[in-house]
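In what follows, a single structure is set out as structure tokens and then discussed.
The values are calculated or read from the model by the stated rules, or taken from the named source; none is laboratory data. In this text, all values refer to a predicted model and were calculated from it rather than measured experimentally. Heads up, the Cβs are rebuilt from the backbone with ideal geometry, glycines too, and the neighbour counts pull from every protein chain shown.
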Amino acid sequence: MPAHPAPGRHAAHAPAPEGCRRARLRRRAAAHGGAGVKVTDVPFERTSPPPVRAPGLADFRAGGAARRAFLRYHVTDRLTGVAQVGLYHVLSVLPPAAAAAIGATLGGLVARLDWNRPYVEFMRRGMVRIRPELKGDRAGQDRLLRAWFRNAGIVRAHYPCIRKLVTPERLTVHNREIMEEAKATGKPVYLVLVHLGNWEAAGLGAGVLQLGTFFGIYEPQPNRYQNRLIYRLRRRHRLHAFPPDRHLPALLRRFACQGGENAVLFLDEVRDAENAFPLFGRPVKASSNLRFVLKLAALAEARVVPCHFVREGAGHISLRLLAHLPPPARSTNAEADATGHVLSGLFEAAIRENLEQWYMLKDMRLPPQE
């Protein structure tokens, strides 16, 4: 999620201690007759993707970028939208193994079409950073790339039938006791993930873990038809994931400080056109999803539970809980970043082991290797 800075304070006034701010927020909520803002208090329509302006004939006549936007909205998006909607409904009635076969085939086709595009070179650099033994091994990189494209196709194809994967027969939960320990503290629980395996199952997986009500954040897709499909699926399962806008940080702080809500959040979203987590030897960026999530968890005094999915065959997935961490420190960025480094270490190991299943590999932007 893109970062949105908190409203600034006048330079002449020092910020109040965090405990005082939290107590003041709770007193204000009590004065208004409630214990705080809950996810279920927010109309579900608030989670809908933002509207997209329809370009008019004036845009077409203007030429240039305006004409391209007109053609994309009225022609390209509609053609691809019809194809996506049709494929979605076909895949939704198939068993996961059949959907995976279609997805793997489509992923292989995309690999052939995109093989020489610039982002594939960035993927090669990322592979070498994560698995140094691949340096100079072009054939090994090629095999991993082809496996990555197949996996990306499978993940996309599984999304319409994701509810069929989140069943006792097809989903295995490892280290479930970690979740029970976190819930036993009586504090909110923040599940934090990376886009590994069938990451689209995160919302339904939280239900399997009996997390209770929770909120999430999502980045709208470029195509409005795809956004409508995703919104309908989330509405069916009552998954409260919010798109970023200028009001969202304030709403999330109210969830954290007043509502005591749980959360399901991804740490490896793209920010400033690149992925910045896990770190893989890089410094923590000042403006990053990692810092945003850790600050939110500190406000909520939430227990942080890193976890991830891994696909084990065409019709079976696993959800692996990795640890149960105390609330991050808020006194300095350096102390908060210490928790970030712990999280990065946990996820780096999981990604290194299952690199072909890490969707965000395509968004690493590393300089050329020496």
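Summary table below
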read-out: Qualifying positions in region 38-68 - assigned to a helix (DSSP H, G or I), surrounded by fewer than 11 Cβ atoms within 10 Å (Cβ to Cβ) and charged (D, E, K, R); value: GLU45, ARG61
read-out: Filter result for the condition that a residue is surrounded by fewer than 22 Cβ atoms within 10 Å (Cβ to Cβ) and within 28 Å of ASN116 (Cα to Cα), over GLU177, GLU133; value: GLU133
read-out: Failed condition for PHE309, given (1) in a helix (DSSP H, G or I); (2) buried (at least 19 other Cβ atoms within 10 Å of the Cβ); value: (1)
read-out: Residue within region 263-273 that is without any contact (Cβ under 8 Å) to a residue 40 or more places away in the chain and outside the structural domain of ARG129 (by TED's automatic domain parsing) present; value: yes
read-out: Single condition TYR231 does not satisfy, out of (1) within 25 Å of ALA349 (Cα to Cα); (2) surrounded by 19 or more Cβ atoms within 10 Å (Cβ to Cβ); (3) at pLDDT 85 or above; value: (1)
read-out: Single residue of ALA302, ALA276, ALA250 found to be out of contact with any helix residue (DSSP H, G or I) (no Cβ under 6 Å at 6 or more places or on another chain), over 29 Å from LYS183 (Cβ atoms) and either in the same structural domain as ASN354 (by TED's automatic domain parsing) or among the β-branched types (Val, Ile, Thr) (or both); value: ALA276
read-out: Single condition GLU219 does not satisfy, out of (1) over 25 Å from THR80 (Cβ atoms); (2) touching a residue at least 40 places away in the same chain (Cβ under 8 Å); (3) surrounded by fewer than 18 Cβ atoms within 10 Å (Cβ to Cβ); (4) not small (Gly, Ala, Ser); value: (1)
read-out: So VAL310, is it farther than 30 Å from PRO95 by Cα and of a type in the set (Val, Ile, Thr); value: no
read-out: Hits in region 121-170 - residues which are within 22 Å of ARG320 (Cβ to Cβ) and among the polar types (S, T, N, Q); value: ASN151, THR167
read-out: Count - residues of region 262-295 that are hydrophobic (A, V, I, L, M, F, W, C) and either assigned to a loop (DSSP other than H, G, I, E, B) or surrounded by fewer than 21 Cβ atoms within 10 Å (Cβ to Cβ) (or both); value: 9
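For every residue, the table says whether it meets (1) at pLDDT 85 or above; (2) over 16 Å from the mean Cα position of the chain (by Cα); (3) assigned to a loop (DSSP other than H, G, I, E, B).
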{"site": "ALA298", "(1), (2), (3)": "yes, yes, no"}
{"site": "VAL305", "(1), (2), (3)": "yes, no, no"}
{"site": "LEU319", "(1), (2), (3)": "yes, no, no"}
{"site": "SER331", "(1), (2), (3)": "no, yes, yes"}
{"site": "ALA334", "(1), (2), (3)": "no, yes, no"}
